[in-house]
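Participant: Mind having a look at this structure? Questions to follow.
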Amino acid sequence: MKIGILQTGYAPDAIKNNQGDYDKLFHRLLDDPTFEFETYLVLEGKFPKSIDECDGWLVTGSKHGVYEDHAWIPPLEDLIREIATAQIPLVGICFGHQIIAQALGGHVEKFDGGWSVGLTQYDLGDRAINLNAWHQDQVITPPASAKTLASSPFCKHAVLAYGDHIYTTQPHPEFDTDVIDGLIRTRGKGVVPDDLLEQATENLKRPDDNGYLKQTLISFFKNKGAA
């Protein structure tokens with residue numbers, strides 16, 4: 001199965017030099033032997049010629065806001081709507097979660113409650129899982145076609161599903177302890193309140209549930225949308 005990675009941001013150099021760019025983090029997360037990957041740098045205006053170039057699609061995270069005025073955002077939304085209409089499997093993470101919601105009729109904004117950074121607990125209904133977050137923007141109103149699968153006190157719509165062909169998450173299953181540590185050191189200081197960075201640093205010692213979401217995403221793609 002070929003998965004097209006729609007890359008919407010670049011990792012900080014401190015992370016890129018040690019672990020690779022954001023697309024490589026997903027290569028490691030989705031390490032099933034039946035998968036192959038192709039990266040499209042959509043933030044540089046490099047888009048697939050057809051949605052049929054890949055069997056499934058994934059939109060990465062980004063430092064940008066989905067509501068910002070960038071030339072590549074409207075064509076990305078058009079591409080998302082085309083993929084959604086064709087019911088090709090589509091995954092969105094953080095920015096990807098938000099831009100898919102916005103493209104399909106939801107509302108995203110900079111949350112007035114502030115930031116969520118580091119290990120965060122989410123309620124999946126039948127269980128709680130701990131995943132790494134790094135965001136202030138979030139989906140405030142999901143599209144009518146979306147169902148909320150997980151939430152936290154800070155983020156009401158943390159995981160969304162649209163039928164059986166779109167699955168999106170606000171937290172980052174591809175971010176391990178080293179990535180969060182790098183973000184704290186390179187992107188957090190002076191932007192994220194110090195007390196949140198201190199708590200995120202302390203939480204680096206705690207285990208995450210990336211493995212649970214990894215298996216969910218692999219199953220989603222392998223079953224062509226039936227997560």
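Participant: Report, by residue number, each residue of segment 44-70 that is closer than 22 Å to L183 by Cβ and within 15 Å of the chain's Cα centre (by Cα).
Facilitator: L58, V59, T60, G61, S62, K63, H64, G65, V66
Participant: Among the residues of segment 68-91, is any in a helix (DSSP H, G or I), of a type outside the set (F, W, Y), farther than 25 Å from H135 by Cβ and in contact (Cβ under 8 Å) with a residue 24 or more places away in the chain?
Facilitator: Checked against the condition, which is being in a helix (DSSP H, G or I), of a type outside the set (F, W, Y), farther than 25 Å from H135 by Cβ and in contact (Cβ under 8 Å) with a residue 24 or more places away in the chain, segment 68-91 yields at least one hit.
Participant: From the set of residues in segment 19-60 that are more than 24 Å from A86 (Cβ to Cβ) and in contact with a helix residue (DSSP H, G or I) (Cβ under 7 Å, 6 or more places away or on another chain), which is surrounded by the fewest Cβ atoms within 10 Å (Cβ to Cβ)?
Facilitator: Out of the qualifying residues, it is Q19.
Participant: Filter segment 134-164 down to the residues that are charged (D, E, K, R) and closer than 15 Å to Q98 by Cβ, then identify the one that is nearest to the chain's Cα centre (by Cα).
Facilitator: D137
Participant: Additional query: What number of residues within segment 195-216 satisfy the criterion of being assigned to a helix (DSSP H, G or I), among the aliphatic types (A, V, I, L, M) and in contact with a Gly (Cβ under 8 Å, 6 or more places away or on another chain)? Give the derivation first.
Facilitator: Kept after step one, since they are assigned to a helix (DSSP H, G or I), are these residues of segment 195-216: 195-203, 210-216.
Pick out the ones that are also among the aliphatic types (A, V, I, L, M) and you get 196-197, 200, 213.
Next, only the ones that are in contact with a Gly (Cβ under 8 Å, 6 or more places away or on another chain) stay: 196-197, 200.
Number of matching residues: 3.
Participant: Among the residues of segment 109-134, which ones are closer than 25 Å to V192 by Cβ and surrounded by fewer than 22 Cβ atoms within 10 Å (Cβ to Cβ)? Outline the logic, then answer.
Facilitator: Step one: filter segment 109-134 for residues closer than 25 Å to V192 by Cβ, giving 109-123, 128-134.
E109, K110, F111, D112, G113, G114, W115, Q121, D123, A128, I129, N130, listed by residue number.
To keep it simple, each residue is scored yes or no on (1) within 30 Å of G56 (Cα to Cα); (2) surrounded by 13 or more Cβ atoms within 10 Å (Cβ to Cβ); (3) in contact with a strand residue (DSSP E or B) (Cβ under 6 Å, 6 or more places away or on another chain).
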| site | (1), (2), (3) |
| --- | --- |
| H157 | yes, yes, yes |
| L160 | yes, yes, yes |
| T169 | yes, yes, yes |
| T177 | yes, yes, no |
| D195 | no, no, no |
| E202 | no, no, no |
| P207 | yes, no, no |
| N210 | yes, yes, no |
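Participant: Kindly provide the set of residues from segment 143-154 that are surrounded by 20 or more Cβ atoms within 10 Å (Cβ to Cβ) and touching a residue at least 40 places away in the same chain (Cβ under 8 Å), ordered by number.
Facilitator: A146
Participant: If you go through segment 1-25 one residue at a time, how many are within 17 Å of the chain's Cα centre (by Cα) and not in a helix (DSSP H, G or I)?
Facilitator: 12
Participant: Next question, about the same structure. Can you tell me how many residues within segment 92-110 are closer than 15 Å to G56 by Cα, outside any strand (DSSP E or B) and either without any contact (Cβ under 8 Å) to a residue 24 or more places away in the chain or not hydrophobic (A, V, I, L, M, F, W, C) (or both)? Break it down into steps so the answer makes sense when it comes.
Facilitator: Quick first cut of segment 92-110, residues closer than 15 Å to G56 by Cα only: 92-93, 96, 100.
Narrowing the set further to residues that are outside any strand (DSSP E or B) leaves 96, 100.
Add one more test, that the residue is either without any contact (Cβ under 8 Å) to a residue 24 or more places away in the chain or not hydrophobic (A, V, I, L, M, F, W, C) (or both), and what stays is 96.
Count: 1.
Participant: Being part of a loop (DSSP other than H, G, I, E, B) and either of a type outside the set (S, T, Y) or under 15 Å from A103 (Cβ atoms) (or both) is the filter here, so list the residues in segment 42-59 that pass it. Lay out the reasoning, then the answer.
Facilitator: So the first thing to find is which residues in segment 42-59 are part of a loop (DSSP other than H, G, I, E, B), and the list is 45-50, 54-55.
Selection gives G45, K46, F47, P48, K49, C54, D55.
Participant: Still on this model: For segment 175-197, which residues satisfy the criterion of being of a type in the set (A, V, I, L, M, F, W, C), more than 20 Å from the chain's Cα centre (by Cα) and either at pLDDT below 90 or more than 8 Å from V117 (Cβ to Cβ) (or both)? Full working, then the answer.
Facilitator: Filtering segment 175-197 down to residues of a type in the set (A, V, I, L, M, F, W, C) leaves 175, 179-180, 183-184, 191-192, 196-197.
Add one more test, that the residue is more than 20 Å from the chain's Cα centre (by Cα), and what stays is 191, 196-197.
Listed by number, the list holds a single entry, V191.
The values are calculated or read from the model by the stated rules, or taken from the named source; none is laboratory data. Note that the coordinates shown come from a computational prediction; the quantities given were computed from them, not determined experimentally. We place every Cβ from the backbone using ideal geometry, glycine too, and count neighbours over all the protein chains shown.
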